[in-house]
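Input: a single structure, listed below in structure tokens.
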Amino acid sequence: MFVTAELLREQVIRPTLEYLGAWSPSTESFLFNAAIAAPELGLFSVKKDGLGLFHITPAQHRDIWDRFLAFQPDMASRVRGLASQRAFLSDPDRELATNLSYCTAIACLLYQRASGSYIADTEFVDKPVKASVSR
């Protein structure tokens, strides 16, 4: 299967952000650019143990679940709904590498947290953030 950058934007990133209630032009553009050309430094830079489109590490993945989604049950349910039914339970980090929508959702949450935006379940307040946000 051949996936172009525009298909990635139109059929993965935008629909995932809309599903989360987090779509905005700047969030879409930031995630799209991070997916097609990972920055050298910052949140989505290439890391040795990074997984998926956004090079999310297992530690980042656990942290977003433990420190954010654990306290946002509606959002946690939406994100969990994107994951595979059985595979997620046996190896949640694998979803980052094999499930584009799930990986995009986790990336969106990491991006929102790094930008300092207030997140309340499915209502995001978008605020621009530089591509070189440090972890």
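The values are calculated or read from the model by the stated rules, or taken from the named source; none is laboratory data. No experiment lies behind these values; they were computed from the predicted model shown. Note that we place each Cβ from the backbone using ideal geometry, even for glycine, and neighbour counts take in every protein chain shown.
A few points about this structure:
- From the options LEU96, LEU100, residue that is closer than 17 Å to TYR19 by Cβ and at pLDDT 95 or above: LEU100
- Helices (runs of 4 or more DSSP H) contained in the stretch 1-110 and holding at least 2 residues surrounded by 14 or more Cβ atoms within 10 Å (Cβ to Cβ) and touching a residue at least 40 places away in the same chain (Cβ under 8 Å): 14-20, 25-36, 58-67, 73-82, 94-98
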